[in-house]
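Working notes for the structure below.
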Amino acid sequence: MQKEEFNSELGEWYSRRLIEVGSSKKRIGQEQIITMINTLPECPKRILEIGCGTGWRLNELSEIYQCEGVGIDPSSHAIEAAKKTSTRISKLQFEVATADLLPFSENSFDLVFFGFSLFLCDRKDLFKIASEADRVLSDNGYLMILDFNTFKPLKRKFYNSKLFSYKMDYSKLFCWNPVYTLMSFTSLSHHSNRLCSDIDERIGLHLIKKELYQTWK
Ligand SMILES: C[S@@+](CC[C@H](N)C(=O)[O-])C[C@H]1O[C@@H](n2cnc3c(N)ncnc32)[C@H](O)[C@@H]1O
């Protein structure tokens, strides 16, 4: 399974890259994430980042919104780096785990954020991943998904010939269900804050609200 590969040599390679990304200007979508969170009626109190890598996004969000945060990632290298580099360790928790099996109880978070990780997840896990996010997200909470956002599903080689990245519209994992409503969407590019001209490389940031009963008329 692909998820196991992320806790090996690949996880080590990836976490080294992520440390550079977090401290460089190539912080894809972070500005747009903050702008989107600022539109919420209330600041988040407890954020879960799924696929947090070295935790730089979560660290920053926890600082800005003065909230608690939990980050999970299959890579023990990334999680170790997150614990070492976090400046808000009393408010943050980092755990080795995968998106399809979240070690948290029901309704634990008011914001669940997929931090550019769904494109790397095993396809057979997608239903479990949606179900786990739904389980830990409280009613009236929000999901944010930062990921590739292509019109058609695309599979590309990743890292070595055994692994793949998968591009699609990940809001579909939730928005078929009237419990989830798309509140906001921004299209991004890997390389700049401008719109992406190559439709197969398009990145999307979705803000989705969970309302268990209010949407039923
Ligand atoms: C592109 S990095 C993003 C890291 C960080 N969220 C960011 O935006 O910089 C993708 C992360 O997803 C993690 N990942 C891969 N498979 C996963 C899975 N099944 N569940 C959760 N995270 C996974 C990888 O280990 C990696 O740290």
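The values are calculated or read from the model by the stated rules, or taken from the named source; none is laboratory data. Note that the structure is a prediction, hence the values are computed from the model and not measured. Glycine gets a Cβ as well: all are built from the backbone with ideal geometry, and neighbour counts include every protein chain shown.
The set of residues in the stretch 60-98 being polar (S, T, N, Q) and surrounded by fewer than 23 Cβ atoms within 10 Å (Cβ to Cβ) consists of Gln66, Ser76, Thr85, Ser86, Thr87, Ser90, Gln93. Of all residues in the stretch 120-140, those satisfying the criterion of being under 14 Å from Glu49 (Cα atoms), buried (at least 22 other Cβ atoms within 10 Å of the Cβ) and either of a type in the set (Gly, Ala, Ser) or within 15 Å of the ligand (Cβ to nearest atom) (or both) are Ile129, Ala133. In the condition set (1) among the hydroxyl-bearing types (Ser, Thr, Tyr); (2) under 24 Å from Phe158 (Cα atoms); (3) out of contact with any strand residue (DSSP E or B) (no Cβ under 9 Å at 6 or more places or on another chain), Thr87 is compliant with all but (2). Ile199 falls short on exactly one of the conditions (1) out of contact with any Asp or Glu (no Cβ under 8 Å at 6 or more places or on another chain); (2) surrounded by 13 or more Cβ atoms within 10 Å (Cβ to Cβ); (3) of a type in the set (A, V, I, L, M, F, W, C); (4) over 25 Å from Thr39 (Cβ atoms), and that condition is (2).
So that you can scan it fast, the table gives a plain yes or no per residue for (1) within 8 Å of the ligand (Cβ to nearest atom); (2) out of contact with any Lys or Arg (no Cβ under 9 Å at 6 or more places or on another chain); (3) under 21 Å from Lys157 (Cβ atoms):
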{"site": "Phe6", "(1), (2), (3)": "yes, yes, yes"}
{"site": "Glu12", "(1), (2), (3)": "no, yes, yes"}
{"site": "Pro41", "(1), (2), (3)": "no, yes, no"}
{"site": "Pro44", "(1), (2), (3)": "no, yes, no"}
{"site": "Cys67", "(1), (2), (3)": "no, no, no"}
{"site": "Asp73", "(1), (2), (3)": "yes, yes, no"}
{"site": "Phe113", "(1), (2), (3)": "no, no, no"}
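The residues of the stretch 105-150 that are over 10 Å from the mean Cα position of the chain (by Cα), within 26 Å of Phe164 (Cα to Cα) and aliphatic (A, V, I, L, M), listed by number, are Leu120, Leu126, Ile129, Ala130, Ala133.
Are any of the residues in the stretch 165-182 surrounded by 15 or more Cβ atoms within 10 Å (Cβ to Cβ), touching a residue at least 60 places away in the same chain (Cβ under 8 Å) and farther than 19 Å from Gln30 by Cα? Taking every residue of the stretch 165-182 in turn, none turns out to be surrounded by 15 or more Cβ atoms within 10 Å (Cβ to Cβ), touching a residue at least 60 places away in the same chain (Cβ under 8 Å) and farther than 19 Å from Gln30 by Cα. The test for being in contact with a helix residue (DSSP H, G or I) (Cβ under 8 Å, 6 or more places away or on another chain), outside any helix (DSSP H, G or I) and at pLDDT 95 or above holds for Glu95.
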